[in-house]
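Below is one structure, written out as structure tokens; comments come after it.
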Amino acid sequence: MKKYLALVFLLILVGCGITEEKQIENRSLKVALAYKPRSFDPHRHTDSATLAVTKQIYSNLFSIDNEGNIVTELVESYQIQEDSSIILRLKKGVLFHNEDEMKAEDVKRSLERNLEIPVSRVLVEAIESVEVIDDYTLKINQNNSPSILLHNLAHSSTAIVKEVTKNSQDIDLVGTGPYKIEDWSLSEKVILKGFDKFYGEKARMKDLVFQTIPETSNRLIALETGEIDIAYDISANDIKGIEKNPKLKVINEVSLGSDFITINTKRVKDKRIRQAIEYAIDKKAIINTVYEGYGVVPKSILSPNVFGYDDEAKIREYNLDRAKELLKEAEVESLKLGLWIYDEPSRQQMAQIIQANLKELGIDVEINVLEVSSFLQYTGMGEHDLLIGLWYVSTGDADYGFYPLLHSSSAGPVGNRSFYSNVEVDNLLDRARKTTSTFERKENYKKVQNIISDEVPLFPIAYKNYTIGLQNNINGFLFNPNGNHILYKVYYEKN
């Protein structure tokens, strides 16, 4: 009789889809980050560590597929009107983590909140008003190319949030994502719990644990010992070692980001000096040394898979003699500059190469190393001469690549840390936002690329690869070129 009951129980479990493998999957997934997330608020912080976590908590109206196409997420359908306004019809039955159903009024308030916060405002400032038509329908009145706004609404910093009363951890936001916040303390660990009323496919792991491990070597050791399951920001130097380890595997894919040098134009005012700096930096040497040869010298801060990328843009090749000529023309015999970086091994390695390159030019470079939040704070105030920056064009559209980094209205913390101001560039970027013609937009971005190539408020060093180490039995990881990888489908493969 007992055997019969056990067999019946097993058949019931299998019939319900609760197999032994599912039980094994009901474990914590442990992910190592290089930096501590700054907060649980995606509208206020756009650093990669924060968005890597918040992407699991909050959903967007739209997302971008692997081909760069806009696809719906919280939206059931949408229509673009003749006046460029957009009608959104929301999915029904979507619940926030406090189990309130998401309605059009919630989306309206979330978008208006974006408009109130400078960091995320740059993504939605085209919105003039949001009208609620009914519980599941709203109209966005906006004055730019609808394509730009749709791409921007796929950015993790425009995720839909709902403000609620603060809990014991001072958390006052809820989302609609596959995971909800379980523990967001002041420690180096964030714990998320699967939301069993998620509108889509339920998370395959009961818990998601993000552990901050700043040192690259320590992240690798934690991966090798099985302390963690997935490690972000693996050093290029460690790729071959991981590939040789039968217990591990590695993902090394091109992202939507680029590493670049920003020059503070308020401090280095002569463009000939800025041109000389770019000529003097050996980008190929940086790629070969820092990135182990993974990559090519970029033509633009836009990666080739971003709309608006100009394949005909010219590269300023390493040319020390030309750099010296330009400094002579600018009547500069010696110069001292501060190069600011955040505390990360590849950044330090890159900075040392740049320091050595510029020393040959007669420029004395002092390297200032800060932790990420201080780096962002002080460079946003313009305390630097040079900095090594990283920007992900997470929307897949050149507007988010150029406007925050180059438009004069974005000067400071929003993104324009070169404090660059050029009326022609501003006008080109503004016109690119207004027109619905993809041809005109591309032409405007091409002209912008040509201008900044000449004036050099910033210049690219390398396209950013995402290098991620995983335990070999981890499956279902969805790589996202914007860096906000999808984790709710991850599961352990049964050995």
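For segment 148-302, just say rounded, prolate or oblate: build the C-alpha gyration tensor, square-root its eigenvalues into a ≥ b ≥ c, call rounded for a/c under 1.5, and beyond that prolate if a/b exceeds b/c, oblate if not. Note, shape of segment 148-302 comes out oblate.
For the chain, the Cβ-based charge dipole about the Cα centre amounts to some 900 debye (Lys, Arg positive; Asp, Glu negative; other atoms uncharged). Under 5 Å between amide hydrogens, built in the peptide plane, is the criterion, and for residue 30 it picks out 209, 229, 230 among residues at least 5 positions away or on other chains.
What percentage of the solvent-accessible surface of segment 191-323, computed with a 1.4 Å probe over protein heavy atoms, is contributed by carbon and sulfur atoms?
Result for segment 191-323: 46 percent of the exposed heavy-atom area is carbon or sulfur.
Multiplying the residue separation of residue 314 and residue 135 by 0.36 nm and removing their Cα-Cα distance gives an extension gain of 59.3 nm. Applying a threshold of 28 Å to the alpha-carbon distances of 30/283; 55/139; 36/206 flags 30/283 as lying beyond it.
Report the calculated FRET efficiency for residue 28 and residue 245 (r = Cβ-Cβ distance, R0 = 25 Å), to the nearest 0.05. Given R0 = 25 Å and the Cβ-Cβ separation, E is 0.65. Just to confirm a number: summing +1 for Lys and Arg and -1 for Asp and Glu over residues other than residue 169 whose beta-carbon lies under 11 angstrom from that of residue 169, what do you get? For residues surrounding residue 169, the net value is -3.
The Cα atoms of the chain give a gyration tensor whose axes a ≥ b ≥ c have a/c of 1.5 or more with a/b no greater than b/c, which makes the shape oblate. Using the Cβ atoms and a cut-off under 13 Å, what net charge is assigned to the surroundings of residue 64, where Lys and Arg are +1 and Asp and Glu are -1? Value of the local net charge: -3. Whole number in Å², please: accessible area per residue of the chain, 1.4 Å probe, ligands, DNA and RNA not counted. Here the residues of the chain average 44 Å² of exposed surface.
When both segment 86-115 and segment 214-280 are represented by their alpha-carbon centers, they are found 36 Å apart.
Nonpolar atom fraction for segment 413-472, defined as the carbon and sulfur part of the 1.4 Å probe accessible area, stands at 47 percent. Taking Cβ atoms as reference points and 15 Å as the exclusive limit, the residues near residue 462 contribute a net charge of -2, counting Lys and Arg as +1 and Asp and Glu as -1. In whole Å, what is the distance between the alpha-carbon centres of segment 292-336 and segment 425-476? What the calculation gives is 15 Å, centre to centre. The shape of segment 276-411 comes out rounded: with a ≥ b ≥ c from the C-alpha gyration tensor, a/c is under 1.5.
Once the Cβ-Cβ distance of residue 336 and residue 187 is raised to the sixth power relative to R0 = 45 Å, the FRET efficiency obtained is 0.65. Under 20 Å from a label point set 7 Å out along the Cα-to-Cβ vector of residue 105, no amide N atom of segment 53-67 is found.
Using C-alpha pairs under 8 Å with a sequence gap of at least 6, the mean separation divided by the residue count of segment 379-429 gives a relative contact order of 34 percent. Here the peptides 295-303, 59-67 are ranked by packing, the mean other Cβ count within 10 Å, and the order with the highest first is 295-303, 59-67.
Which entries in 189/249; 103/442; 189/247; 193/249 show an alpha-carbon gap greater than 31 Å?
The pairs that break the limit, which is 31 Å between Cα atoms, are 103/442.
The values are calculated or read from the model by the stated rules, or taken from the named source; none is laboratory data. Not measured: the values here are computed from a predicted model. Methodologically, a virtual Cβ is constructed for each residue, glycine included, from the backbone with ideal geometry; neighbour enumeration extends over all protein chains shown. Heavy atoms of the whole protein, side chains included, go into the accessibility calculation; ligands, DNA and RNA do not. Shrake-Rupley method; radii C 1.70, N 1.55, O 1.52, S 1.80 Å.
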